[in-house]
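Just so you know, all these numbers are worked out from the coordinates, no wet-lab data involved. Owing to the predicted nature of the structure, the values given are computational and were not obtained by experimental measurement. Note: ideal-geometry Cβ built from the backbone for every residue, glycine included; neighbour counts use all protein chains shown.
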Amino acid sequence: MQSLCTTASAGPARQLRPAWQSSSPTKVLKCWSQPIMALQVERWDSQKHGKLSSKTMLKRLRDEGYSGSTYQLPPGTHFPPHTHDCDKKDSIITGRFKFVSKDHGEVTLEPGDMLHVPRGMEHSAETVGTETVTFVDASRY
């Protein structure tokens with residue numbers, strides 16, 4: 001997380017700047033944290049890629065250089081914080097899946113959503129709601 005602060009110099013003007021830039025003679029008025037890099041979700045384009053299915057999703061991911069498998073995740077599935085030694089792309093066919101990274105924020109993925117997970121990014125994830133999640137787990141080494 002990057003801490004940002006509202007600061008004031010000699011005049012009434014206030015600026016938002018990283019906390020490490022907030023030093024004397026600037027007075028720090030308020031600080032809070034925000035993700036360094038927000039999670040970026042790609043949405044499925046059925047006009048470009050056809051009807052969403054495990055088969056069409058796997059084809060698209062293979063075209064991007066990924067290899068992958070499809071899994072059924074029942075309600076209540078939870079993955080504790082972990083990392084991967086390769087780039088991943090998490091893709092949802094059915095259901096809802098919450099992805100959390102302490103450094104990058106959180107997002108709930110829905111059918112047709114794809115999330116790039118860079119090598120080494122610590123994250124956790126869990127199913128959301130009562131529907132089984134059809135999940136395409138893709139890796140690129």
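Of the GluC sites (Glu not before Pro) found in region 34-106, those that fall in a DSSP loop while having at most 16 other beta-carbon atoms within 10 Å are Glu64.
Ellipsoid fit via the Cα gyration tensor, region 77-122: semi-axes of 18, 12, 10 Å, each the root of five times an eigenvalue, largest first. When the alpha-carbon atoms of region 34-82 are used, the pair Rg, Dmax equals 14.3, 37 angstrom. Distance between the 7 Å Cα→Cβ label points at Lys98 and Asp45: 3.1 nm. Out of every Cα-Cα pair that region 61-141 contains, those further apart than 19 angstrom amount to 31 percent.
Between Glu64 and Thr130, the contour length at 0.36 nm per residue exceeds the Cα-Cα span by 20.6 nm. Note that region 68-73 has calculated 3J(HN,Hα) couplings of x, 9, 9, 10, 9, 10 Hz, one per residue in order, obtained from phi through the Karplus relation 6.51 cos²θ - 1.76 cosθ + 1.60 (θ = phi - 60°); glycine and proline are x.
The phi torsions of region 56-61, fed into the Karplus equation with coefficients 6.51, -1.76 and 1.60 and a -60° offset, translate into couplings of 5, 5, 4, 4, 4, 5 Hz, rounded to whole numbers, with Gly and Pro shown as x.
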